[in-house]
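This report concerns only the one structure given below.
The values are calculated or read from the model by the stated rules, or taken from the named source; none is laboratory data. Bear in mind the structure is a predicted one, so any value in this text is a computation, not a measurement. Cβ atoms come from the backbone with ideal geometry, glycine included; neighbour counts cover every protein chain shown.
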Amino acid sequence: MNGLWVSIVAMKMAALSEPVPWVAWFLWLFVGFAGLFPLLVAYIVWGERKVAARFQDRIGPNRVGPFGLLQSIADLVKLLFKEDFTPARADFLIHALAPVLMLISAMLSLAVIPFGFGSVSMRNDPVTGVLRPTLTGFSAVDLPSGVPYLIAVSSIASLGLFLAGWSSRNKYALLGSMRSVAQMVSYEIPQVLATVPIVLWSGTLSLTGILDRQVETGWYVLTPPGFMAFVIFMISSFAEVNRAPFDLPEAESELIAGFHLEYSSMRFGLFFLAEYMSMFAVCCICTTLFLGGGAIPFLAFPRGLLGGYVVVDLFLNLITILVFSLKVGLLIFLFFWVRATLPRMRVDRLMAFAWKLLIPLCLVNLLIAAIWFEIVIRPVAGRPDGPGFLQWWIGFGVTALLEVLAFFGAVWLYRQDSEHSLKTWRSSTGSKPSIIAWRSVPTKV
Amino acid sequence: MPTVPVIPSVWPSSSEWFFLSPVLLMAFWGVLVLMLDVLVLRNRTLLSTRAKWLGLTSLVGALAALGLAVGLLWPGVLATDVLSANEEFFNGTIAFDAASALLQVVGIGFLVLVIGLSMTWVFTNEQGEYYALLFWSAVGMILMIEAEEFMTLFVALETMTISIYILTGLETGSKRSSEAALKYLIYGSAASALFLFGLSWVYGLTGTTRLAAVGRALVESRTVEGIGGQWTSGLALLLVLAGFGFKVASVPFHQWTPDVYEGAPAPVTAWIASGSKFASFIAMIKVLMLALGTWSVDTGHLQSPGWVVILSILAAVSMTYGNLAALGQQNFKRMLAYSSIAHSGYLLVGVVAIGVSSQRTEATGAVLYYLCTYGLATLGTFAVAAWLAHDVGSDQIDDLNGLGFRRPVPAFCLAILLLSLIGVPPLAGFFGKMLMFMEALNAGGNGGIALTWLVVVALLNSVVSAFYYVRVLKALYLRQPGPAIGKSFPSGVIWTLVIAAVATVGFGLNPTALLDPLGGAGISLLTSPEPASSGRPVDSNGITQSATVPENPAQTQVPVAPAPSASAR
Amino acid sequence: MLLLMLVSAGMLVAGLWEILIFREFGPMRGVFVQIAGAAVLCAVGTVLARNLIHSALYLVAFFFLVACLFIMLEAEFLAVMQVLVFIGAVAILLMFGIMLTQDVQGDQVEAHSVLRRLPAAIVAIGLFVMLAVAVQQRPDFSKARTERAAPSVAARERVLNQMPQELGLDLMQRWCLPFELVGLLLTASLVGAVALAQPVGSLSAGSDGTPSPGSLTETPEHLSREVAGGTHSSSRPDLVSP
């Protein structure tokens, strides 16, 4: 019976994945997702401890192995052997499910990242519809709708977070998860809106397609609207992965540990893994969307050489993957840096910051991105030589001016508003209360 | 072999947007009013000042939209004969023909009166939102009238309904208002879901969402397969009818009506009873006649008796229930709510008459005439209800005691409107009822179903309705004035009442003035725009309309009659 | 654990059913039957679960399985959107709503009696029977279908590969009017939600910070009475009168 079942499943899987080579699937799944990425994450943790130690004028882990390199492994072993504790009144199944959901979310988003350039094949240009050589990207899956896919799978994380807090039957955990869901739902909007200019310029939702366009036309971060989008994307990513200064869901000083308060042993380890892996994933996404993936600055270098011999392709991919890793490493360092530098945000300012500053700025940025599209990208669509020097600089000047105006305008309005809120808050708590004043008090979450 | 269709998928031309200008104006004016409130007036002025300015701005906008709509009717501006045959107007999602051009004037006219009514009384803090939502619900209403396609129809219907849910709950500090909004929302969502489910069944059966194409597909499959008698179509039909039944407040779906009519602020109630009902009935006629005409009568199978029979039963039950329940009401708004259910019943008789009559366009004209005059009369009566709620602070019929002595003009207007609602001869309500009932008797076109019993029930119900309307008349003229009655009427109420009463008398004395254009509108309402003959095979869903598709057998296609003249009757 | 067991049992049953009933098992059909079977189980779980959060979780699983079915239909973009909208937004909001309204710390769920469940079951089964019969009886629309030209291979590939683009073009061109109208609908809902969710002040509070009840003659008396009488539900007495 069992054998029959297994053979049926195997047959089906074979038939389903016919166009995809088995070997590639196997390698991605077991070498990449089950082996390499968790290992990478372990060393990101080590790196963070080292970096944070330098910031705080300490040495950091240095006992286990050379430079403390085996510290993460030791921690892992420790976590595995600790008691796996579940509160008596907890909802056992959901309690177990929650960290897994978060890890799944982080892993799924890694599935579409083009780490290297892959090979070259003929595809339709998304803007002009003409067949032309296009990068295939070195990714597990190349989804035509990659960007919405990323948004979709990252939204699963907030589900896991919520369930973790809910199933623990602990007030602090519940508070932490309520905060986190509110935070993630709010910051998802600027994060998504910041990717819209990229999609607009590339004309495709596929991450490989976006990479290809960047190799051809230059990195998106080097354009004024792209830079603004990059900054907004990074800020909201900090909030999405619950990193400082947005780590309110697990604020130690207020909520003890927030949503993972009642977790111990490897279940806590899974949260830990999920947090760092989603940080890693977010850095990969950011590199792909804004920093040109594995492209070497100002060069389209390995692109022209691809598509010949397999060995050459492999070697060139290695180079691009190295460049990609370097960029991701820099972004991860930015995460460490911010965490070591900035204090945690106040909970009422958190929401106001997303809704009153980031989202309006994103919307304005979208309009400016459309101006860039009309000046620089659309007139030369389909031409091989790309935008002319003068044209590019005209576009740069115009949009940079507008970006500066938009930024200072938005900040000015935000300040006005928060001053107003503060004033009315004081007047409402003063001697003369009024109902109208009550309305303008910032909402607490 | 069918050719590969050239699907007209283009951004509509500027002339198409121009024909939509009243709607666009209203949509933008809503935003404008909202911004005026939020950015300029709120937190700077007193509520009364704010309300006055916002009301005036809205009134200006609504009047401008009315002007535009009337302007489009001006001879020469709108080449009716060209437009009515144009299937590519907005890629076939809406039609802009004589019917829409005329009916949108009526709809915007209702909006103007409702805005005037709203200005008399500050009942909500959220003034900007109130007027904006009023405008947006009007946009949904008019697009619903013009819709030629299920998706547009549904979205427009939801725009109208959701705005009205919120309007219902906007009365500040009134628990009944919130309760009404909640009830309306819950019933309404369920009804919308059923309606959408029904529409999806129709789409699944025919593969298109365009009304005319659905009609054609059903006709063809009927000749081949006999679809009229199947479970599938029966289910789809019932679900669609449930959705419309909710919107027009006919009996099995009427539970929300009394609570919502009583709880909502009076201007909103007036808007629900006039505008929403007006649009829903027109959309219903369009869907039933253009798309589901095949299912009007049974085809010999027991499962699906056809919508003529179903609607006849609904009509009879609605009339009887509404009138009997209204008899016992002390609350003026609640009484009007039940009377509104009863009037839905009368109007359903008219819809049935369109289905069976041998003179469909005349029957349609009669229903439209009744809708217009009923809408006006309701607006007038709810203006009095608004005055009651605003100045007297109560909704009871007894509070109207002796109004005829103290305030003769408004009382007289109200009396005229009530008499018209009963259907007393020289007034418009009488002609509306008479024409509709005559057309119901005029069966023979479609299967020869005699609706004599239905007309008899309707007449008996008219007699019953007289009792409770006359009770109000008695309060007006035969009772001693109460203490609160000395209050003056705000000008908005007076204007609405006078306009409604004058229109009721005028259209009653000279019904052809309204019937002739409405009859013309009826023609284009019942005529699906034919596929363009320019060799551009079109259908919004990619169905090629090749010239070899045989012309429909006479069953569903409405004969394009010459313009009817009411004097001929 | 119950969930896991139920779903795996469902898969097993569906697989067996497929072997026994269909006799032939093409890979796609088998996968479809399993996904659909699991989806049905999740739907049943949504209705029968006693705990509201469990119910919502079953719903999430159901949405996810529907997304899987979309993928089987080659509608990848739709599947992504299904996950994005229904799991990412609807389910989260649902749970948030449950959490803010119910006694979330406990599992208190009122047990519905059989008498209350019976009508619902009858309606559900009745609807199922009607739908089943309707689907079984569905008329053959071969004639109507022939009018619709089969899309060319190139067109099909274009649509499958660039579904978002094709969809966007269609929305902005053919369906532009309903699309814009949906925008208006959402605006109206948003504005309405904000208007309804605002803390209810009294009508007499007119301007920012300056209480000005006396100057408004239009304030209806019954409303003022209501406010003063304390029947006002949401006004905050601590702020209204010191």
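Close Cβ contacts (under 6 Å, 6 or more residues apart or on different chains) running from residues in segment B:303-332 that are at positive phi to residues that are assigned to a helix (DSSP H, G or I) comprise B:G306/B:W295; B:G306/B:S296. The single residue among B:G92, B:G109 that is touching a helix residue (DSSP H, G or I) at 6+ places or on another chain (Cβ under 9 Å) and at pLDDT 85 or above turns out to be B:G109. Would you check if there is a residue in segment B:189-211 being crowded, with 21+ Cβ neighbours inside 10 Å and either touching a Pro at 6+ places or on another chain (Cβ under 8 Å) or among the charged types (D, E, K, R) (or both)? Yes: one or more hits. For segment C:155-177, the candidate set comprises residues that are within 9 Å of chain B (Cβ to nearest Cβ) and of a type outside the set (A, V, I, L, M); within that set, the residue that is nearest to A:L143 (Cα to Cα) is C:D170. Looking only at segment A:147-169, residues that are within 16 Å of A:Y263 (Cβ to Cβ) and either surrounded by 23 or more Cβ atoms within 10 Å (Cβ to Cβ) or without any contact (Cβ under 8 Å) to a residue 12 or more places away in the chain (or both) come to 10 in all. I'd like the full set of residues that are at pLDDT below 80 and among the aromatic types (F, W, Y), limited to segment A:114-158. Those that are at pLDDT below 80 and among the aromatic types (F, W, Y): A:F117, A:F138. Screening segment B:13-47 for residues that are among the small types (G, A, S) and surrounded by 17 or more Cβ atoms within 10 Å (Cβ to Cβ) and picking the one that is farthest from B:P490 (Cα to Cα) gives B:A27. The sole residue among B:S13, B:S48, B:S58, B:S84 that is touching a helix residue (DSSP H, G or I) at 6+ places or on another chain (Cβ under 6 Å) and at pLDDT below 90 is B:S84.
State whether one or more residues within segment B:218-227 are closer than 27 Å to B:L103 by Cα, at the interface with chain C (Cβ under 9 Å from one of its Cβ atoms) and charged (D, E, K, R). Within segment B:218-227 (the criterion being closer than 27 Å to B:L103 by Cα, at the interface with chain C (Cβ under 9 Å from one of its Cβ atoms) and charged (D, E, K, R)), the answer is no, since none of the residues qualifies. Counting only helices (runs of 4 or more DSSP H) that fall entirely inside segment B:239-335 and contain at least 3 residues that are within 27 Å of B:V455 (Cβ to Cβ), the qualifying elements are B:277-286, B:307-327.
Among the conditions (1) closer than 26 Å to A:A369 by Cα; (2) buried (at least 24 other Cβ atoms within 10 Å of the Cβ); (3) of a type outside the set (A, V, I, L, M); (4) within 9 Å of chain C (Cβ to nearest Cβ), A:P144 misses just one, which is (2). The combined condition, being touching a Phe, Trp or Tyr at 6+ places or on another chain (Cβ under 6 Å), modelled with pLDDT under 85 and either in a loop (DSSP other than H, G, I, E, B) or not assigned by TED's automatic domain parsing to the domain that holds A:I321 (or both), is not fulfilled by A:S7.
The condition of being at pLDDT 80 or above and either touching a Pro at 6+ places or on another chain (Cβ under 8 Å) or more than 10 Å from chain A (Cβ to nearest Cβ) (or both) does not hold for C:V83.
From the list A:V31, A:V51, A:V45, the lone residue that is aliphatic (A, V, I, L, M), surrounded by 14 or more Cβ atoms within 10 Å (Cβ to Cβ) and within 25 Å of A:G116 (Cα to Cα) is A:V45. Scanning segment A:345-379 for residues that are assigned to a loop (DSSP other than H, G, I, E, B) and surrounded by 16 or more Cβ atoms within 10 Å (Cβ to Cβ) turns up just one, A:M345.
Conditions tested, residue by residue: (1) modelled with pLDDT of 85 or more; (2) at the interface with chain B (Cβ under 7 Å from one of its Cβ atoms); (3) assigned to a helix (DSSP H, G or I); (4) surrounded by fewer than 16 Cβ atoms within 10 Å (Cβ to Cβ).
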site	(1), (2), (3), (4)
C:F179	yes, no, yes, no
C:V182	yes, yes, yes, no
C:T187	yes, no, yes, no
C:A193	yes, no, yes, yes
C:G201	no, yes, no, no
C:D208	no, yes, no, no
C:S212	no, yes, no, yes
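Inside segment B:169-189, residues that are at the interface with chain C (Cβ under 10 Å from one of its Cβ atoms) and either of a type in the set (D, E, K, R) or under 18 Å from C:V191 (Cβ atoms) (or both) make up a count of 7. Filtering A:L175, A:L248 for residues that are of a type in the set (A, V, I, L, M) and more than 18 Å from A:L357 (Cβ to Cβ) leaves a single hit, A:L175.
Between A:D417, A:D313, A:D385, the distinction of being assigned by TED's automatic domain parsing to the domain that holds A:S278, more than 30 Å from A:E275 (Cβ to Cβ) and modelled with pLDDT under 80 belongs to A:D313 only. Within segment B:152-164, can one find any residue that is more than 8 Å from chain C (Cβ to nearest Cβ), modelled with pLDDT under 90 and surrounded by fewer than 24 Cβ atoms within 10 Å (Cβ to Cβ)? Among the residues of segment B:152-164, not one is more than 8 Å from chain C (Cβ to nearest Cβ), modelled with pLDDT under 90 and surrounded by fewer than 24 Cβ atoms within 10 Å (Cβ to Cβ), which makes the answer no. Once segment C:51-80 is narrowed to residues that are within 19 Å of A:L93 (Cα to Cα) and free of Cβ contacts under 8 Å to residues at least 24 places away in the same chain, the residue that is nearest to the other protein chains (Cβ to nearest Cβ) is C:F64. Does A:A96 satisfy the criteria of being in a helix (DSSP H, G or I), within 27 Å of A:V338 (Cα to Cα), among the aliphatic types (A, V, I, L, M) and in the same structural domain as A:V141 (by TED's automatic domain parsing)? No, not satisfied.
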